[in-house]
Amino acid sequence: MAKGNIGVTTENIFPVIKKFLYSDHEIFLREMVSNAVDATQKLKTLAEKGDFKGEIGDTSVSVKLDKEAGTLTISDHGIGMTEEEIDRYINQIAFSGVTDFLDKYKDNANAIIGHFGLGFYSAFMVADKVEIITKSYKDDAPAVKWTCDGSPEYNIETADKTERGSDIVLHISEDCKEFLDKERITQLLNKYCKFMAVNIVFGKKQEWNKDEKKMVDTAEDNVINSTEPLWTKQPSTLKDEDYKTFYRTLYPMQDEPLFWIHLNVDFPFHLTGILYFPRVQSNMDLQRNKIQLYCNQVFVTDQVEGIVPDFLTLLHGVIDSPDIPLNVSRSYLQSDQNVKKIATYITKKVADRLNSIFKNDRKDYEEKWDSLKVFINYGMLTDESFYDRAKDFALFKDTEGKYFTYEEYKTLIKDVQTDKDGTLVYLYANDNDEQYTYIEAAKSKGYSVLLFDGQLDTPTVSMFEQKFEKSRFTRVDGDIIDRLVPKDDAKKVELSKEDTDKLTETFKTKLPEIDKVNFNVEIQALGEEAAPVIFTQSEYMRRMKDISHYQSGMGFYSQMPDSYSMVLNSDNAIIKAVLDGSAKENTVSQLIDLALLQNGMLKGAALDKFLKRSVELLK
């Protein structure tokens with residue numbers, strides 16, 4: 001029996017490990033099982049190289065609970081360790097056995113996933129004593145037992161283990177008894193080990209015993225993982241149903257995805273994975289952090305910012321790469337040039353896939369556009385390189401449900417919607433029903449109106465105005481129809497200043513007081529057939545208020561009142577009647593309420609009063 005002190009550079013490394021080194025105690029199980037898988041994969045590599053001549057036999061890793069003894073044991077039949085190797089890789093913290101192994105077998109390493117050493121010490125986050133009982137694959141090496149109680153002191157002695165491999169026995173601390181619960185361990189194994197490369201066994205499969213009226217163990221091992229997940233296979237061997245089935249495995253409660261992208265690259269970095277475009281039924285369906293990051297089939301995190309471009313964090317799926325740099329606990333990503341290359345690659349693959357669908361089956365692409373739109377718009381807003389790729393397959397949708405590329409739509413409207421200054425005016429609506437009258441007025445002029453009803457359309461409009469040469473976007477209710485696309489100087493109002501002031505004052509006195517709404521009155525000659533009163537909303541102020549919801553530092557706009565113009569049509573017979581005094585009583589109030597009703601601004605008591613007045617006018 002030998003005793004010694006663990007070689008550390010700090011006098012008390014264990015409190016640091018327990019409180020600061022790892023962000024989440026539960027990852028200890030990932031580290032323990034990963035190390036066991038590593039040891040198994042090392043043995044396979046040695047056998048492939050001819051350096052191990054014996055029978056590999058059972059390669060499964062088992063996890064066992066003993067609630068009475070208060071232990072959790074992780075066992076493998078892998079490479080094992082000699083006493084010298086324990087001293088080198090366990091007693092010298094942060095010295096990785098994997099490094100030496102990969103140096104020797106770098107051309108044939110079989111999915112080495114761990115850093116056996118520091119990762120092992122995550123066990124002390126949940127255990128107050130840890131034992132390693134191990135026997136090396138080397139024939140002449142005796143089995144040994146290493147014991148440490150969470151202090152820098154350890155004991156090492158000969159063990160009576162006869163089978164190759166290692167048993168890691170964790171004596172769970174009093175404050176971590178949750179890790180002696182079967183359901184809790186099942187949950188963690190499903191989270192971290194669901195796709196590890198060797199079988200992970202946790203207990204026995206169960207079946208219902210009708211005599212005992214309960215679930216009982218069978219003789220069959222309960223293997224909790226799939227060792228060959230879909231992303232590790234060649235796309236040419238897979239069918240659409242395979243991808244859909246795997247999606248249901250990852251997200252059991254989700255609708256069928258729109259489509260998917262299978263990632264597979266070997267140079268200049270290693271990366272595999274499958275990204276799914278989820279079907280978005282509404283803006284409320286958008287969820288981040290649905291992409292799972294793996295390192296050689298070991299779950300690391302679903303916080304993938306920094307590895308996946310921001311706009312693609314809205315996608316679902318899996319990314320697996322041994323080349324993504326991780327910190328010592330493998331829980332957080334570190335940003336470096338390799339990560340940027342991977343992000344660039346993913347962006348290009350996504351753009352190429354979208355472009356391929358658009359070119360090969362435009363009808364299908366258009367049918368999926370309403371769900372795709374939020375991803376593509378977000379990408380163009382946040383990633384300049386993606387905009388350059390996406391502008392050729394991004395679409396506009398008009399109020400009639402027709403789809404156009406940006407270039408197609410420009411060609412469609414340039415002859416009719418170019419104003420007197422040569423600026424191309426894009427008209428849009430946010431709601432077909434609420435802005436119906438304005439849309440119809442625009443159509444009567446021969447104008448086309450786009451439908452921008454998505455949550456990112458406001459910032460996207462501003463982006464278009466920066467990208468599109470000599471262009472302006474205006475909502476259809478942003479001004480009277482003749483000023484939306486001004487072709488020449490406006491027709492002059494043929495009223496005296498006295499009549500103009502009188503008419504303005506008459507309507508001002510009848511305007512309601514609405515919280516956080518300002519009205520101003522103007523008079524325009526709009527033609528005899530145009531409506532007597534029209535409300536328009538300032539495009540600039542409305543857009544600034546909308547943008548304030550997305551952009552920090554613009555909160556003061558959201559506090560400002562909405563600004564509306566009440567435009568009186570001096571050519572309309574009813575307005576003329578109001579001016580000369582021949583109009584019926586309550587005509588002004590009725591005209592104002594009609595215009596408010598059209599804009600969804602007549603509610604409550606004011607709406608009730610309007611309805612009663614309307615009945616009286618019909619008598």
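Points to keep in mind about this one:
- Annotation note: Cβ proximity below 8 Å between a residue of the range 32-56 that is polar (S, T, N, Q) and a residue that is in a helix (DSSP H, G or I) and surrounded by fewer than 24 Cβ atoms within 10 Å (Cβ to Cβ) (sequence gap 6+ or interchain) occurs for ASN35/PHE120; THR45/TYR105.
- Test: SER614 is among the polar types (S, T, N, Q), closer than 18 Å to THR509 by Cβ, touching a residue at least 12 places away in the same chain (Cβ under 8 Å) and outside any strand (DSSP E or B): no
- Remark: LYS397 matches the filter, which requires a residue to be open to solvent by 30 Å² or more (accessible area, probe 1.4 Å), in contact with a helix residue (DSSP H, G or I) (Cβ under 9 Å, 6 or more places away or on another chain) and either under 30 Å from ALA595 (Cα atoms) or part of a strand (DSSP E or B) (or both).
- Within the range 500-526, being crowded, with 16+ Cβ neighbours inside 10 Å, in contact with a strand residue (DSSP E or B) (Cβ under 8 Å, 6 or more places away or on another chain) and closer than 20 Å to SER538 by Cα holds for THR504, PHE507, LEU511, PHE519, VAL521, ILE523, GLN524, ALA525, LEU526.
- The residues listed here are GLU465, GLU434; of these, the one that is open to solvent by 20 Å² or more (accessible area, probe 1.4 Å), acidic (Asp, Glu) and under 28 Å from PHE311 (Cα atoms) is GLU465.
- Hey, ASP58 more than 36 Å from the chain's Cα centre (by Cα), under 11 Å from VAL198 (Cβ atoms) and surrounded by fewer than 18 Cβ atoms within 10 Å (Cβ to Cβ) or not: yes
- Subset tally (residues that are open to solvent by less than 80 Å² (accessible area, probe 1.4 Å) and either farther than 16 Å from LEU230 by Cβ or in a loop (DSSP other than H, G, I, E, B) (or both)) for the range 243-254: 2
- Residue match in the range 218-225 (condition: assigned to a strand (DSSP E or B), open to solvent by 80 Å² or more (accessible area, probe 1.4 Å), under 30 Å from ASP242 (Cα atoms) and in contact with a Lys or Arg (Cβ under 9 Å, 6 or more places away or on another chain)): yes
- Only a single item in (1) surrounded by fewer than 17 Cβ atoms within 10 Å (Cβ to Cβ); (2) in contact with a strand residue (DSSP E or B) (Cβ under 7 Å, 6 or more places away or on another chain) is not met by LYS420, and it is number (2).
- Those helices (runs of 4 or more DSSP H) of the range 435-550 in which at least 2 residues are touching a helix residue (DSSP H, G or I) at 6+ places or on another chain (Cβ under 7 Å) and within 25 Å of SER371 (Cβ to Cβ), considering only elements entirely within it, cover 457-467, 539-547.
- A single member of TRP146, TRP208 is open to solvent by 70 Å² or more (accessible area, probe 1.4 Å) and touching a strand residue (DSSP E or B) at 6+ places or on another chain (Cβ under 8 Å), and it is TRP208.
- Taken together, the residues in the range 182-202 that are in contact (Cβ under 8 Å) with a residue 24 or more places away in the chain and open to solvent by 30 Å² or more (accessible area, probe 1.4 Å) amount to 6.
- Strands (runs of 3 or more DSSP E) enclosed by the range 282-387 - at least 1 residues per element that are modelled with pLDDT under 90: 290-295, 298-301
The values are calculated or read from the model by the stated rules, or taken from the named source; none is laboratory data. Everything quoted here is computed from the prediction, not taken from an experiment. Neighbour counts are summed over all protein chains in view; Cβ atoms, including those assigned to glycine, are modelled from backbone coordinates with ideal geometry. Surface accessibility is based on the protein's heavy atoms, side chains included, excluding ligands, DNA and RNA. Shrake-Rupley method; radii C 1.70, N 1.55, O 1.52, S 1.80 Å.
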